[in-house]
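Q: One structure, pasted below without further comment.
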Amino acid sequence: MSLKIKNYLYLFFGIIVILSIVAFIYSQQFALYTYAAGALGMTILRVSSLSSAKDSRVRRLNNIQALSAILLLGAAYLMYIKFYGWLIAIVISAVIDLYVSFRMPSEKEKETEK
């Protein structure tokens, strides 16, 4: 799968996740299942990118992103059992994604310079 298609799919699943979170806050029962589908899609895309890097720093950042995706799946489970800890899991996942989004471009740039 090309990188462009992966980026569009990641954006699509991210939008599904965000809309599902908003719908879940407003007590829409279907939101749990759409959130789980979006989180699963994001997890699959992140796990599929684990082995594509050659540099150890980029691989580490990819592993950190995979951990963030697992947190999204954990949040889906917490939503299912109606435990409000799902908010904490989503916030931690967002902070991890923010960290990786700032670090990944510079590390990939260093990798291409080598």
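Q: Looking at V100, V95, which one is part of a helix (DSSP H, G or I) and at pLDDT 95 or above? Steps first, please.
A: Numbers: V100 fails: at pLDDT 95 or above.
Just one listed residue meets the conditions, V95.
Q: Could you check segment 49-72 and list, in sequence order, the residues that are in contact (Cβ under 8 Å) with a residue 24 or more places away in the chain and not β-branched (V, I, T)?
A: Of segment 49-72, the ones in contact (Cβ under 8 Å) with a residue 24 or more places away in the chain are 49, 53-55, 57-58, 61, 64-65, 67-72.
Answer for segment 49-72, where residues must be in contact (Cβ under 8 Å) with a residue 24 or more places away in the chain and not β-branched (V, I, T): S49, A53, K54, D55, R57, L61, Q65, L67, S68, A69, L71, L72.
Q: Let me ask something else about it. When only residues in segment 6-29 that are more than 16 Å from the chain's Cα centre (by Cα) and of a type outside the set (G, A, S) count, which is surrounded by the most Cβ atoms within 10 Å (Cβ to Cβ)? Lay out the reasoning, then the answer.
A: Looking only at segment 6-29, we keep the residues that are more than 16 Å from the chain's Cα centre (by Cα), and these are 22-29.
Add one more test, that the residue is of a type outside the set (G, A, S), and what stays is 22, 24-26, 28-29.
On the way: V22: 10, F24: 17, I25: 10, Y26: 7, Q28: 12, Q29: 8.
By that ranking, first place goes to F24.
The values are calculated or read from the model by the stated rules, or taken from the named source; none is laboratory data. Small disclaimer: the values here were computed from a predicted structure and weren't measured. So basically every Cβ, Gly included, is an ideal-geometry build from the backbone, and we count neighbours across all protein chains shown.
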